[in-house]
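The structure under discussion appears below in the form of C-alpha cells.
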Amino acid sequence: MDLISHGTWGAVIARRKSLALGFLIGTLPDILGLGWWFGPKPYLIAHSLIAFVIVAGATRIAYHTWVYSFSYLAHLLSDVIAHGRGTYSLFYVPFLWRSYDPIRFHGWNWWHEGMILEVINWCVLIVVIIILIYKKR
C-alpha cells in the first residue's frame, strides 16, 4: 500500500482523537524503515510486532489511549497482505520477523498485476470516509 493510504487509514482509525497524529503514526513504519537504503533490517524491524509493542506502549503512555497503536497495526497488517514475494529482497514483510512464521504467506504485490489491490484499497477507503461523514451529520 502506498504511504498516503497508510496515513489516511491511520487518520480514519484515530479520527476521534487527532487526525494528524493518526496519519503520522499510520505512516511511521515506513518512515522508520527508511533505513532500507542501508539494507533491509531497519525496514523489517519497523514492520515487526516488536516495534508495534514499543509504539503501542509509547502512545499509551504519552496520549493515554490505544487508538494510535491501531493505526500502526493497520499499517503492518496491510503490508503483510500487500507486499509480495516479487519484492522479497526489499519489501517482503513476514508475519513474525526473526521468528517462526506459521502462515508462510508472501502476499500480493500492490503495484503489480494492474494495481488492483491499490484500486480496491482506495475505493474502500473512500466509501468508509463517506460513511463516516454521513454518520457524523
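What the table below lists for this structure:
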{"read-out": "Matching residues in the stretch 5-33 - criterion: being surrounded by fewer than 16 Cβ atoms within 10 Å (Cβ to Cβ), at pLDDT 90 or above and more than 23 Å from LYS136 (Cα to Cα)", "value": "none"}
{"read-out": "Qualifying position, being out of contact with any Leu (no Cβ under 8 Å at 6 or more places or on another chain), at positive phi, modelled with pLDDT under 85 and charged (D, E, K, R), among ARG85, ARG104", "value": "ARG104"}
{"read-out": "The stretch 54-68 - residue that is touching a residue at least 40 places away in the same chain (Cβ under 8 Å) and of a type outside the set (A, V, I, L, M) and, of those, nearest to PHE23 (Cα to Cα)", "value": "TYR68"}
{"read-out": "Filter result (in contact with a Pro (Cβ under 8 Å, 6 or more places away or on another chain) and modelled with pLDDT under 80) within the stretch 34-47", "value": "LEU34, GLY35, TRP36, LEU44"}
{"read-out": "Whichever residue in the stretch 59-76 is aliphatic (A, V, I, L, M) and closer than 11 Å to HIS6 by Cβ and, among such residues, is modelled with the lowest pLDDT", "value": "LEU76"}
{"read-out": "Residue check for VAL53: surrounded by 13 or more Cβ atoms within 10 Å (Cβ to Cβ) and either at pLDDT 75 or above or within 23 Å of THR8 (Cα to Cα) (or both)", "value": "no"}
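The values are calculated or read from the model by the stated rules, or taken from the named source; none is laboratory data. Owing to the predicted nature of the structure, the values given are computational and were not obtained by experimental measurement. Here Cβ is always computed from backbone atoms with ideal geometry, including for glycine, and neighbour counts include all displayed protein chains.
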